[in-house]
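S.K.: What follows is a structure written as structure tokens; I'll ask about it next.
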Amino acid sequence: MNYAAIKKCDIANGEGVRISLFVSGCTHHCKGCFQPETWNFDYGNPFDETTEDELIKALEPDYIAGLTLLGGEPMEPENAKRLLPFVKRVRETYPSKNVWCYSGYLFEELMEREESRKLLELIDVLVDGEFVEEQKNISLQFRGSENQRIIDVTKTLKDGSVVLWNLT
């Protein structure tokens, strides 16, 4: 897996100050995508142990609320497979930090795939659904188009039906 960028002080992609990992590779190719260069799975740099260590260290300060995974598409099967052990490591190292993920796939689709389902079990909040340019709304918090949902994954997995995250 490659990654396009790491942001170590991100306040746009989830609640609080976050570390954000923009992975490479996406098959959605949404019209109006804000970074189509990340569609290419070979774009950017290799996501290796050195990169993991850098992210783990960046998550250490108390003011960092957590990690956000976005892209590209973190839930592409090859990306989800590589992210799974990393997110497990984040959870073990920082159990009080939260994990957000942005995916063009719907929650229901992700639950049908083993790697994605396992990764979802480690995620607190999922912003799901492709970006739809005709439904773009710049006033929305933490999402780009009106069709996208902000899902409380923990409650959703417990309740067995989608529970939307309460914006604070």
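The values are calculated or read from the model by the stated rules, or taken from the named source; none is laboratory data. Quick caveat: nothing in here was measured; it's all calculated off a predicted structure. Cβ coordinates were reconstructed from backbone atoms using ideal geometry, including for glycine residues, and neighbour counts include every protein chain displayed.
S.K.: Residues of segment 145-162 being without any contact (Cβ under 8 Å) to a residue 24 or more places away in the chain and assigned to a loop (DSSP other than H, G, I, E, B), which ones?
M.R.: Correct list: 146, 147, 148, 160, 161.
S.K.: Moving on. Check off (1) farther than 29 Å from residue 161 by Cα; (2) basic (Lys, Arg); (3) in contact with a helix residue (DSSP H, G or I) (Cβ under 9 Å, 6 or more places away or on another chain) for residue 57 and give me the number that stays unchecked.
M.R.: (3)
S.K.: With respect to residue 25, determine if the residue is at pLDDT 95 or above and under 21 Å from residue 132 (Cβ atoms).
M.R.: So residue 25 fits the description; yes.
S.K.: Spot the failing condition for residue 159; the list is (1) over 25 Å from residue 61 (Cα atoms); (2) within 16 Å of the chain's Cα centre (by Cα), and only one is missed.
M.R.: Among (1) over 25 Å from residue 61 (Cα atoms); (2) within 16 Å of the chain's Cα centre (by Cα), residue 159 violates only (2).
S.K.: Right, residue 97: under 23 Å from residue 156 (Cβ atoms) and surrounded by fewer than 20 Cβ atoms within 10 Å (Cβ to Cβ) or not?
M.R.: Against the criterion (under 23 Å from residue 156 (Cβ atoms) and surrounded by fewer than 20 Cβ atoms within 10 Å (Cβ to Cβ)), residue 97 qualifies.
S.K.: Could you grab me the full set of residues in segment 126-155 that are in contact with a helix residue (DSSP H, G or I) (Cβ under 8 Å, 6 or more places away or on another chain) and surrounded by fewer than 19 Cβ atoms within 10 Å (Cβ to Cβ)?
M.R.: Answer for segment 126-155, where residues must be in contact with a helix residue (DSSP H, G or I) (Cβ under 8 Å, 6 or more places away or on another chain) and surrounded by fewer than 19 Cβ atoms within 10 Å (Cβ to Cβ): 145, 146, 147, 149.
S.K.: Continuing with this model, one more query. So how many residues does segment 41-58 have that are in a loop (DSSP other than H, G, I, E, B) and closer than 18 Å to residue 102 by Cβ?
M.R.: 4
S.K.: At pLDDT 95 or above and not β-branched (Val, Ile, Thr): is that true of residue 114 in this structure?
M.R.: no
S.K.: Okay, next question. Take the residues in segment 6-38 that are among the hydrophobic types (A, V, I, L, M, F, W, C) and in contact with a Gly (Cβ under 7 Å, 6 or more places away or on another chain); name whichever of them is farthest from residue 93 (Cα to Cα).
M.R.: 30
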